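Heads up: the structure comes next, in structure tokens.
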Amino acid sequence: MKSTVLLILIFLGGCLCGCGPKSSQEGIQRPGTELVWPASPQAPSRVRWVSEFREWNDTVVHKGLWKRFIEALTGKESRFIVKPYGIHVDRQDRLFIVDVGLRLIHFMDLKSRQYSAIPRDGSEVVLHTPIDLTGDAQGSIYITDSEAKVILRYDLDREVMEQWVTEGLSRPTGIAYNHTNRLIYAVDSGIHQIIAFSLEGSEEFRFGSHGADPGQFNYPTALAVDRAGNILVTDALNARIQIFTSEGMYLHAFGQPGDTSGRFAKPKGVAVDSDGHIYVCDALFDAVQVFDPNGSLLMIFGESGHRPGEFWMPSGIFIDGQDRIYVADSFNQRVQIFQYLKAQ
């Protein structure tokens, strides 16, 4: 009975916040006019709104409220995003979305339009509080589970989930794969450190400590790897982004607390595009701020709201190899997709 009531509340919450008209075959809502930031076409670089995901199903048809309710109760085709956070897109155009609300990973093949959930039904390994995920070059994804204090690995070919790192973790959150040295870097927010692992799951090294000095952290939450292999860390309660070499040597930092442009109120996800621009989600501003590699503010896109290009607690962010920007719009129960437009 309790589980049924909970499912009803989740479903109704999704309908109140995210059940809008969908105009395309893939459950994507598009605005009537093109959204581009900044407005000036003479800007050296710009960002364009592309689409959004709120749900995914194999048949992709319009359904009435009652039918959607019945399918939610019975676990049929449709899957609605409840609280997205971490995002990853691999080289095969497969999209992975961590859903903290449903405690699963939405796995969407953007080419074949096939959907599945991770872990699969009947799996012996369950997710408690999944936060973020990344993928290596060998067909596996790695998922941080903050509550369980573990990192899990899912083999996409064998469709098998296993506990990958089970010791030495306090509160794993952000995670990223570094292609330059084939190491997995994970944020441990509980002990204010970054930990590097080999693909076999052995700890290689860790860096950081609690504090506000260069190289120290105050509850880091997210990280990203740029094309040179440098590590960018969201140092949340120090309101800054710190940048390190792949070996953990401090390079520089930018940012300070504040409620004006270029400062951070509640920084969360961080990502880097092909030109080295750094994107930071600010959950309190309901916006994404974009900086050059030295930390100078270039532009801001987004504002508070529920329409395309607006946010309600943006959290995770990921930029794929085609400079498509995926933002987890957590309280709007969707993932919005933007395109970085290079200077002509």
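Ranked by the mean number of other Cβ atoms within 10 Å per residue, highest first, peptides 320-327, 170-177 order as 170-177, 320-327. A 1.4 Å probe, protein heavy atoms only, puts the accessible area of GLU204 near 100 Å². In a fully extended conformation the segment linking TYR250 and GLU203 would gain 14.9 nm over its present Cα-Cα distance, using 0.36 nm per residue. Within segment 324-338, whose backbone N sits under 17 Å from a point 7 Å along Cα→Cβ of LEU298? From segment 324-338, the list is 324-327, 338.
Ordered by packing density, taken as the mean number of other Cβ atoms within 10 Å over each peptide's residues, highest first, how do 223-229, 85-91 rank? Numbers along the way, then the final one.
On the way: 223-229: 18.3, 85-91: 20.9.
Highest-to-lowest ranking by the protection proxy: 85-91, 223-229.
The values are calculated or read from the model by the stated rules, or taken from the named source; none is laboratory data. Computed from a predicted model, the values in this text were never measured in an experiment. Here the Cβ is made from the backbone with ideal geometry for all residues, glycine too, and neighbour counts use every protein chain on show. Protein only, heavy atoms only, side chains kept; ligands, DNA and RNA dropped before computing areas. Shrake-Rupley method; radii C 1.70, N 1.55, O 1.52, S 1.80 Å.
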